[in-house]
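**Q** Mind looking over this structure? Questions follow.
The numbers here are math on the coordinates, done by the rules we state, and not lab data. Just so you know, these numbers come straight off a predicted model, no measurement behind them. Every residue, glycine among them, receives a Cβ derived from its backbone with ideal geometry; neighbour counts consider all protein chains shown.
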């Protein structure tokens with residue numbers, strides 16, 4: 001009996017020491033957390049660094065000559081999910097204030113507190129939105145404010161409605177940039193070859209974000225190209241460009257211009273999935289620049305999904321299926337600013353670009369298909385409900401889907417090598433990755449906007465736009481491995497769990513039986 005009492009006393013002592021150590025550890029962590037809060041040490045361990053501002057934003061804040069006033073108009077009574085957004089916005093604005101070294105002042109205003117603040121918000125261009133709010137088992141519709149105004153000198157900008165926090169740093173920095181560096185940047189969009197312009201429905205969703213950054217100018221190659229155009233773009237021509245027009249494009253690049261070509265090798269009827277070969281008139285021009293724009297479409301098992309409607313009996317079914325003519329790639333250039341922060345891109349009906357090379361020109365491959373891809377040289381019917389098996393004679397990938405050519409296109413002049421202008425050409429083997437009449441992908445649009453920024457040498461914004469966007473597709477898995485993993489999850493894991501539980505129970509039983517011997521020394 002005395003032995004048992006001694007064992008119990010030792011157990012109580014052990015428990016006391018354990019709890020004391022745990023409380024001391026918790027207290028130390030709390031004190032350390034409190035002390036660190038006052039130290040100028042900050043670390044953002046979130047994926048995509050969403051709680052800190054980028055180097056591009058910090059660099060822009062150095063250009064502030066005058067104080068910048070940011071007013072955040074947020075109603076106090078908001079749904080819980082939007083309350084979390086408000087806290088994130090507070091933290092993000094604090095980062096801006098800290099990085100500005102006193103140049104930014106922030107005011108947090110609640111329009112529901114007074115009619116004066118409400119009127120102030122409306123005058124700044126921030127209108128209330130009606131939201132369903134639940135409170136004390138009641139549901140009611142309220143006018144809520146969730147906007148921001150920025151005042152810099154005699155200029156102002158605003159974000160009228162902050163519905164989500166994704167991409168918020170870009171929106172804020174974009175407006176600060178327009179306040180600090182006013183002035184328009186002109187982009188030329190070619191209308192030749194029956195190409196797409198931003199008035200067409202296929203590109204309508206891009207017009208608004210582009211108009212915030214650039215002035216879009218329609219350009220016809222039968223006329224003079226305006227001298228104040230910063231870069232020139234040709235998107236999805238469906239008719240052949242004439243030789244004279246192609247020569248004009250070549251002259252533009254030779255003189256140091258930037259040219260963007262998003263061109264298709266096939267016209268595809270998306271309703272019937274039938275392809276017709278297309279001659280753009282740019283094949284010879286690209287060949288002069290050391291790039292072969294090949295016929296055919298890239299087929300890749302690692303592909304994007306599309307929505308397909310089918311009829312079975314009297315019932316219509318809508319399914320999402322993987323479509324190998326929509327290659328999905330994460331093999332992107334991790335150095336170039338247009339692609340380095342993007343995880344994955346989708347390229348519908350894309351044709352390959354083969355680099356032959358030319359003196360005085362350099363080539364940067366922005367995107368490649370996977371090593372499992374192959375080339376369909378004569379695509380005709382491409383039903384997503386059919387199985388698209390690789391042919392034995394098919395050329396295997398990876399294939400170049402998009403690239404950049406840089407250098408002296410007109411050749412160096414002896415004795416004046418340093419004076420020769422450097423031109424740049426951006427080429428993608430499809431225009432459909434930016435079209436809004438195809439399944440939209442946010443990162444595809446980010447790539448296009450990044451390319452526009454890069455084409456006018458505005459690399460600060462493109463570093464910010466892709467931040468926080470993390471999408472990682474699964475690696476393709478063979479049927480054999482898929483079958484093995486499936487059966488392991490069904491059979492082996494439960495059996496393993498039972499065996500593990502039995503071993504733990506057995507070890508615990510043996511340990512309990514040895515406790516009296518351990519403490520009594522018997």
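**Q** To the nearest 10 degrees, how steep is helix 243-254 against the longest Cα principal axis of the chain, on a 0 to 90 scale?
**A** In the chain, helix 243-254 runs at an angle near 60 degrees to the longest axis.
**Q** With label points built 7 Å along Cα→Cβ from the Cα atoms of residue 383 and residue 217, find their separation and express it in nm.
**A** For the pair residue 383/residue 217, the computed spacing is 5.0 nm.
**Q** Still on this model: Based on alpha-carbon centroids, what's the gap between the stretch 76-139 and the stretch 215-275 in Å, whole number please?
**A** Comparing the Cα centres of the stretch 76-139 and the stretch 215-275, I get a distance of 45 Å.
**Q** So how do 495-508, 283-296 stack up, highest first, on mean other-Cβ count within 10 Å?
**A** 283-296, 495-508
**Q** Given axes a ≥ b ≥ c from the Cα gyration tensor, I'd like to know whether the stretch 161-279 is rounded (a/c under 1.5), prolate (a/b larger than b/c) or oblate.
**A** In terms of gyration-tensor shape, oblate.
**Q** Run through every distinct alpha carbon pair of the stretch 186-465 and return the Kirkwood hydrodynamic radius in angstroms, one decimal place.
**A** 19.5
**Q** Going by C-beta contacts inside 10 Å, put 211, 112 in order with the fewest on the left.
**A** Neighbour counts put them in this order, fewest first: 211, 112.
**Q** Return, for the Cα atoms of the chain, the radius of gyration and Dmax in Å, separated by a comma.
**A** Cα radius of gyration and Dmax of the chain are 30.8, 108 Å respectively.
**Q** Give, in nm to one decimal, the length gained when the segment between residue 354 and residue 88 is fully stretched (0.36 nm per residue of separation minus the Cα-Cα distance).
**A** So the chain would gain 91.2 nm between residue 354 and residue 88.
**Q** For every helix of n ≥ 4 consecutive DSSP H residues, a contribution of -39,500 (n - 2.57) applies; sum these over the chain, divide by its total residues, and give [θ] at 222 nm rounded to the nearest 500 deg cm²/dmol.
**A** After summing the helix terms and dividing by the residues of the chain, the value is -10500 deg cm²/dmol.
**Q** Enter the angle in degrees (range 0 to 90, nearest 10) between the Cα long axis of helix 442-455 and the first principal axis of the Cα atoms of the chain, meaning the one along which they spread out most.
**A** 50
**Q** Also, I was wondering about something else. On C-alpha positions alone, give me the angle between the axis of helix 493-520 and the longest principal axis of the chain, in degrees, nearest 10.
**A** Taking Cα atoms only, the helix is inclined about 30 degrees.
**Q** How large is Rg/Rh for the stretch 55-180, to two decimals, with Cα atoms and a Kirkwood Rh?
**A** Rg divided by Rh gives 0.99.
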